[in-house]
Amino acid sequence: MSIYLQHFALQQEPFSIVPDPGFLYPSHQHRQAVAHLKYGLDREGGFILLTGEVGTGKTTLTRTMLQRIPAHVRVAYVLNSKLNETDLLASICDELEISLPKAVDLSFSKICIDALNHNLLESHAEGKKTLIVIEEAQNLSDEVLETLRLLSNLETNTHKLLHILLVGQPELVEILSKQNLRQLNQRVVSRFHLLPLDKAEVSNYINHRLHHAGASGALFDAKSINIIYRLTKGVPRLINLICHQALLAAYSLGLKSISASLVRDAAIEILEGLETSPSNRKRILILLLIGFLVAAIFTITSLKHPFSDHINLYFSKSEIENSTKDVILRDSQGPVESIPNNTIIEQFNPIQIDAEGNSGNLLVTSDIKEVKLLKPFDSLLELWGLRSSEIYTFDEFSAFALDSGLRVERIGDGTINNLVTIDRPGLALIKTDVGISRSRLVIGIEKGIVSLIVNGEVQNFDYETFTNLWSGSFVYLWRPPPAFEILQVDDVNQAAIIWLQDKLSLVNVSESRLITGGRYTAEVQAQIMQFQNQQNILSDGIVGRQTLMRLNQITDQNIPTLGINGS
């Protein structure tokens with residue numbers, strides 16, 4: 001128990017890093033996450049995915065859900081994810097209190113799976129559901145994930161017998177997108193990615209925890225909360241650490257409230273000791289140092305002119321902000337993450353670049369174009385003239401696109417040449433300077449430069465830098481014709497043939513319209529092969545995605561592209 005509780009009239013520690021469900025702050029994000037978890041559990045089996053950055057509250061949220069879970073749901077809670085296949089099976093059986101029989105000439109895995117299957121069938125007959133929860137699931141090996149997929153095959157003729165909740169860091173999504181795990185990925189019935197808190201939520205979060213701990217009023221002023229938000233970027237665990245340290249400092253000084261200077265002192269002690277990258281640690285310390293310098297300048301100037309109505313600071317507000325940015329950038333050996341000054345809807349850690357172009361291969365154009373700050377899914381949809389609301393998962397994004405007449409395509413191990421061939425804007429998984437992958441909107445490729453939207457601005461990377469940062473994952477949209485199917489000779493699809501001939505006539509006005517009876521004839525195929533040859537597409541006469549996308553691009557000026565070769 002902390003020594004400052006009596007000093008602040010608190011009944012319990014408000015900022016413990018123990019994931020206590022009683023302290024869960026019901027932010028919009030957390031309510032959405034609970035709804036997704038409940039939806040996944042209501043489905044007939046399958047995988048449920050909960051991801052989020054370190055310290056965003058995944059475990060607290062999971063334990064809250066487990067506290068409220070119905071009595072007819074049995075839970076196997078696996079905390080240690082660094083297990084091999086047999087240890088995992090043994091842990092699940094142990095959690096579900098399944099006795100393992102002794103058997104001769106059978107592997108331990110076979111014994112566990114048979115016993116588990118028998119137990120699940122009995123539970124299902126009694127009207128019970130079974131949920132396996134695995135924390136830190138990004139540590140699971142491919143072999144263990146495949147074992148979990150096989151467990152998800154346990155079923156009756158009409159029902160799956162298992163729900164499996166995987167809780168992990170963002171890289172779990174990338175792991176599941178691998179080709180050899182595609183079968184598991186396709187069985188995910190509900191996904192949610194938990195984001196950090198925004199600026200307004202940080203204030204509410206701090207006051208919520210204080211109130212729950214017994215505080216009669218606010219202890220942190222607005223300036224101190226603003227600094228906490230800027231330094232933690234809304235990550236609850238970091239907020240807890242800094243707030244706890246600030247309360248200790250206030251207690252030692254006999255103070256009853258927390259000022260901005262106390263928060264700065266606490267942040268130096270806490271953040272300097274964390275396992276952050278040198279560039280991040282340097283960024284934070286420089287920012288805090290600049291804060292002290294600005295405060296000192298203000299104090300000295302105030303003393304010099306104690307009765308002046310207009311204090312003449314050495315720097316204007318804009319000059320201070322620009323100086324802060326310049327010092328942070330010059331002091332870093334590479335790209336560093338910017339610290340947001342306002343609430344950003346996207347809520348992703350931006351990749352910061354050198355404003356003078358001094359960061360090696362990282363480039364920036366002189367006329368940076370402003371774009372709306374949206375979540376990546378929303379930004380991509382807006383390029384197609386679509387407005388979305390409350391889209392948080394890939395499944396929701398796919399469903400919305402499909403309802404709007406678009407197809408979602410995803411490649412997992414792409415190259416620059418793939419992007420050039422696709423020639424559509426899309427979401428690429430890009431590593432930030434701290435090694436975390438984020439979805440970034442690719443909007444252009446031209447003259448060896450790839451243009452991305454990062455934190456509402458266009459940032460340009462040469463091919464080498466982009467390739468080093470890019471995981472190879474790319475999601476894009478395209479618009480198929482009505483009743484789309486891949487067409488080969490003698491296929492019958494009247495709607496698709498009419499669409500095809502309309503497009504071909506726009507490409508080549510001298511092309512005569514053929515009588516086909518809705519059939520993909522050899523004559524139409526010849527026209528297609530001619531078009532494919534002109535467009536440097538494999539001239540096989542098969543009307544597939546690439547051919548259709550190129551026809552769309554040439555005949556519809558509203559189709560968004562990457563602007564390759566002036567397209």
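Rule-based calculations on the coordinates, nothing more; no lab input. From a predicted model like this one, the values you see are computed outputs, not experimental measurements. Every residue, glycine as well, gets a Cβ built from its backbone with ideal geometry; the counts of neighbours run over all protein chains shown.
Give the order of LEU500, LEU50, LEU402 when sorted by the count of other beta carbons within 10 angstrom, beginning with the fewest.
On the way: LEU500 22, LEU50 26, LEU402 11.
Result, fewest neighbours first: LEU402, LEU500, LEU50.
Projected over every direction and averaged, the convex hull enclosing the alpha-carbon atoms of region 494-557 yields 4.0 nm².
Each of TYR476, TYR229 has some number of other Cβ atoms within 10 Å of its Cβ, and from fewest to most they run TYR476, TYR229. Extension gain for GLN488 to LEU386 (0.36 nm times residue separation, less C-alpha to C-alpha distance): 33.5 nm. Rounded to the nearest 0.05, the FRET efficiency derived from the C-beta distance between GLN535 and LYS82 at R0 = 56 Å is 0.65. Pairs from the list LYS58/LYS223; LYS110/LYS178; LYS58/LYS82; LYS223/LYS431 with a Cα-Cα gap above 24 Å: LYS58/LYS223; LYS110/LYS178; LYS223/LYS431. For region 28-194, treating each Cα as an identical point scatterer without solvent, what Debye log10 I(q)/I(0) comes out at q = 0.08, 0.17 1/Å? Log-scaled intensity ratios, in q order: -0.22, -1.04.
Taking the beta-carbon count within 10 Å as an exposure proxy, list TRP384, TRP470 from fewest neighbours to most.
Ordered by Cβ neighbours within 10 Å, fewest first: TRP384, TRP470.
Counting pairs of alpha carbon atoms under 8 Å apart in space and at least six apart in sequence, what relative contact order in percent does region 28-194 give?
This gives 40 percent for region 28-194.
Each label point was placed 7 Å from the Cα along the Cα-to-Cβ direction; for ALA35 and GLU464 their separation is 4.8 nm.
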